[in-house]
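S.K.: I'd like to ask you about the structure that follows.
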Amino acid sequence: MRGSLLEGKAWRYGRDVDTDVIIPARYLTATDERELGSHCLEDLDAAFASKVEKGDIIVAEENFGSGSSREHAPLAIKGCGVSCVVASSFARIFYRNAINVGLPILECPEAVQGTKTGDRLRVDLGSGTIENLSTGKTYQAQPFPDFMREIIALGGLVDYVRRRLGA
Amino acid sequence: MGMTITEKILAFHCGRDEVRPGELINVGVDLALANDITAPLAIEAFRAMGAERVFDPARVALVPDHFAPARDIAAAENCARMRAFAREQGLQHYFEMGRVGIEHVLLPEEGLVLPGDLVVGADSHTCTYGALGAFSTGMGSTDLAMAMALGEVWLRVPESVLLEYHGELKPWVCGKDLILHTIGAMGVDGARYRAMEFRGPAIDALSVQGRFTMANMAVEAGAKNGIFHVDAKTRAWLEGRARRDYRVFESDPDASYAERLLFDVGGLEPQVALPHLPSNVKPVSEVGEIPVDQVVIGSCTNGWLEDMETAARILEGRQVHPHVRCIVFPGTPRIKREMIRRGWMDILLSAGAVVSTPTCGPCLGGHMGVIAAGERAVSTTNRNFVGRMGHKEGEVYLTGPAVAAASAVTGRITHPREVMGR
């Protein structure tokens, strides 16, 4: 995640996008990212999974990822090619899950307000800068606490524990 | 400055005298649990971490309750992976069909979660055990894998919100109504990242089962955990169940809270959360004429014995409306057996209800009661999101068991007193 630059088209949604619409329970017997990704956001925006392009960015208002603890939700988002999620705020379990599975997330209400579907965004994960190339405005996301930076730098929780176990 | 009950439990589990909100800590866990949806990913992550053995085979519980009894081949394979892992690791708390119940009713009933415990589960409703004065919270599968491998997890110490309830509850008003009313007042992210600490005379008067219902839905307000203080009722409930000693923590009088909310619930009517958010709450008298296709009574929220009793009281000598499918699913096999012993099973079956084996099935639109487009369900479960119980054009209205049973009789959302005459 360090220093990496992401660029993609924004898909803008409202508040309380819950994990049941990110990946409906009927698909939860799958664990494969791509398969989950083919149903991503199906009950909120039926066209999304077929139209989303690699690198695109989900931009949503408060409480993104509320509801269930299903890690299938960040996996589905990764699996359909989305490069990162920018939200005004995240529900807590989703926040942990995204960091743990290596889905970049940024909290920045100003960027959310200043973005509409179709805008091109450039995100610098290292500095937390979000640039809306369509409007020319730049925003600064909340920084991660140091401990989370450590997990992110290791590529997720699996490698963090691997190191702890000396495996 | 004093500490809250949540801060004290977290401090104890990281071996410190005190912790403060906002600190990131590593804590030891007393129990880690996963179900048939979340365990397969957790097992995958556990292997990827290079872990070989779980930290303690007595402190990992695996519960096949979501798509089990297996609804299809993929579900059967997930259950098989989980069963194989449980056998390989010698897990003491893997529950096979016939003994398995809905995880958050089953584990307290088995005496596996106790006051002062720190419990993490790969299921968002793990917060249920706060009813017993434990810290318990939901996480994802990778976090759970870390808990299984190391016996610890990282946590941010949450700020606490103190919620105090006054007044004597009217007939047919229960824990579900208190928590729906609370979520209606706070919103679905009103307690985001925080601990909800419940107290007050109305809480003292509430049964332990009613407290489980309230703690269960803390996550619906965005909270990390919901927690209650241990009292004589808690101790009585644990009598004969607790399998080990437990430790009781209390909030200090000078503990610090991010917010304090007072609720006068003396005049509270039964509550209904309308589609599509648990915060979209109205008193039952204000929802208007809403015809119903399906009624679901049970789940980790309201699958307790007293919920079954409420349903049986209302359905005794009555009939489920011919246009309604009424599905009752008790929390555990033990509760189901007790329903038979007390004659409630006969009452429910005579009324034309279906009594299912314990499963999470219908709550999350998994199986055993999925709804079609345009259908409307009244349900004692905890979520009414778009598509939660099946088709995205279906609707779920959340209520307590009394309103649900009364609505099953009339075929529309109904105050129980209309059916019962008082």
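Quick note: the coordinates plus some simple rules give every number you see, no bench work behind them. Model, not experiment: these values are computed from the prediction. Reconstructed Cβ throughout: ideal geometry from the backbone, glycine too, with neighbour counts over all protein chains shown.
S.K.: If one computes the Cα centroid of the stretch B:179-199 and of the stretch B:36-57, what distance in Å separates the two points?
M.R.: Between the Cα centres of the stretch B:179-199 and the stretch B:36-57 lies a distance of 32 Å.
S.K.: About its Cα centre, what dipole magnitude does chain B give when the only charges are +1 on Lys and Arg Cβ and -1 on Asp and Glu Cβ, stated in debye to the nearest 20?
M.R.: Taking the Cα centre of chain B as origin, the dipole is about 800 debye.
S.K.: In addition: Give the aspartates and glutamates whose C-alpha is closer than 17 Å to that of B:K176, dropping any in the same chain fewer than 8 places away, or say none.
M.R.: Of all the aspartates and glutamates, those that pass the test against B:K176 - Cα under 17 Å, at least 8 places apart if same chain - are B:E164, B:E168, B:E197, B:D204, B:E220, B:D264, B:E269, B:E306, B:D307, B:E309.
S.K.: Same structure, new question: Taking every pair of alpha-carbon atoms in the stretch A:1-150, give the share separated by more than 24 Å as a whole percent.
M.R.: For the stretch A:1-150, the share of Cα pairs beyond 24 Å comes to 23 percent.
S.K.: Nearest 5 percent is fine: what portion of the DSSP beta bridges confined to the stretch A:16-167 is antiparallel?
M.R.: Rounded to the nearest five, the antiparallel share is 45 percent.
S.K.: Counting pairs of alpha carbon atoms under 8 Å apart in space and at least six apart in sequence, what relative contact order in percent does chain B give?
M.R.: 17 percent
S.K.: Summing Lys, Arg as +1 and Asp, Glu as -1, what charge do residues with Cβ under 12 Å from the Cβ of A:S68 carry, A:S68 excluded?
M.R.: Spelling it out: positives minus negatives among the neighbours equals -2.
S.K.: Tell me which of B:M345, B:V284, B:I413 sits at the most positive position along the dipole axis of the stretch B:271-420, charges placed on C-beta atoms (Lys, Arg +1; Asp, Glu -1).
M.R.: Value computed over the given set: B:M345.
S.K.: Per DSSP helix of 4 or more residues, -39500 (n - 2.57); summed, then divided by the residues of chain B. What does that give at 222 nm, rounded to the nearest 500?
M.R.: Rounded to the nearest 500, it is -8500 deg cm²/dmol.
S.K.: Further question: What order do you get for B:41-47, A:49-55 when each peptide is scored by the mean count of other beta carbon atoms within 10 Å, highest first?
M.R.: Top to bottom by mean Cβ count within 10 Å: B:41-47, A:49-55.
S.K.: Rounded, prolate or oblate for the stretch B:172-323? Axes are the square roots of the Cα gyration tensor eigenvalues, ordered a ≥ b ≥ c, and the cut-off for rounded is a/c under 1.5.
M.R.: Oblate, because a/c is 1.5 or more while a/b does not exceed b/c.
S.K.: Separate question: Using the charge dipole of the protein assembly as shown (Lys, Arg: +1 at Cβ; Asp, Glu: -1 at Cβ; taken about the Cα centre), state which of B:L274, B:L91, A:T19 has its Cα farthest towards the positive end.
M.R.: B:L91
S.K.: Next up: Let a ≥ b ≥ c be the square roots of the eigenvalues of the Cα gyration tensor of the stretch B:131-175; is it rounded (a/c under 1.5), or, if not, prolate (a/b larger than b/c) or oblate?
M.R.: prolate
S.K.: In addition: Report, in cubic angstrom per residue, the convex hull volume of the C-alpha atoms of the protein assembly as shown.
M.R.: Dividing the Cα hull volume of the protein assembly as shown by its residue count gives 139 Å³.
S.K.: Right, here's the next one. For B:K8, give me every one of the aspartates and glutamates with a C-alpha distance below 12 angstrom, ignoring sequence neighbours fewer than eight places off in its own chain.
M.R.: B:D17, B:E18, B:D117, B:E250, B:D252
S.K.: Looking at chain A, which Cys residues are left with no other cysteine's beta carbon under 4.7 Å from theirs?
M.R.: Lone cysteines by the Cβ rule: A:C84, A:C108.
S.K.: Also: Across the residues of B:218-230, average count of Cβ atoms on other protein chains within 10 Å?
M.R.: 2
S.K.: Which aspartates and glutamates does A:K51 reach when only Cα atoms under 16 Å apart count, and residues fewer than 8 places away in its own chain are ignored?
M.R.: Answer for A:K51, where 16 Å is the Cα cut-off: A:E35, A:E42, A:D43, A:D119, listed by chain and number.
S.K.: Hey, another quick one. Measuring from a point 7 Å past the Cα of B:D56 along Cα-to-C-beta, which residues in the stretch B:11-31 have an amide N at less than 19 Å?
M.R.: Under 19 Å, as judged by backbone N against the label point of B:D56, lie B:11-16, B:26-31 of the stretch B:11-31.
S.K.: What's the center-to-center distance, using Cα atoms, between the stretch B:365-398 and the stretch B:106-150 in Å?
M.R.: Value for the Cα centre distance between the two parts: 27 Å.
S.K.: With +1 on each Lys and Arg Cβ and -1 on each Asp and Glu Cβ, and nothing else charged, work out how big the dipole of the stretch B:271-420 is about its Cα centre, in Debye to the nearest 20.
M.R.: 300 debye
S.K.: Now a separate question. Quantify how strongly other chains surround peptide A:88-96 by giving the mean number of their Cβ atoms within 10 Å of each of its Cβ atoms.
M.R.: Per residue, the average neighbour count from other chains is 6.
S.K.: Could I ask something else about it? Taking the dipole about the Cα centre of chain B, with the C-beta of Lys and Arg at +1 and of Asp and Glu at -1, give me whichever of B:C174, B:G222, B:Y246 is farthest to the positive side.
M.R.: The residue sitting most towards the positive pole is B:C174.
S.K.: When the helix-only estimate is applied to chain A (DSSP H runs of n ≥ 4, each -39,500 (n - 2.57), divided by the residue count), what is the mean residue ellipticity at 222 nm, nearest 500 deg cm²/dmol?
M.R.: -7500 deg cm²/dmol
S.K.: Quick one: work out the % antiparallel among DSSP beta bridges in the stretch B:271-420, nearest 5.
M.R.: 25 percent
S.K.: By average Cβ neighbour count within 10 Å, what is the ranking of B:28-38, A:81-91 from highest down?
M.R.: Top of the packing list down: B:28-38, A:81-91.
S.K.: If you take each beta carbon of peptide A:66-79 and count the beta carbons of other chains within 10 angstrom, what is the mean?
M.R.: 6
S.K.: Sticking with this one: Using only Cα atoms, locate the centre of the stretch B:231-304 and the centre of the stretch A:85-113, then give the distance between them in Å, rounded to an integer.
M.R.: 29 Å
S.K.: I've got another one for you. Assigning unit charges at the beta carbon (Lys, Arg +1; Asp, Glu -1) and nothing else, what dipole magnitude in debye, to the nearest 20, does the protein assembly as shown show about its Cα centre?
M.R.: The dipole of the protein assembly as shown has a size of about 740 debye.
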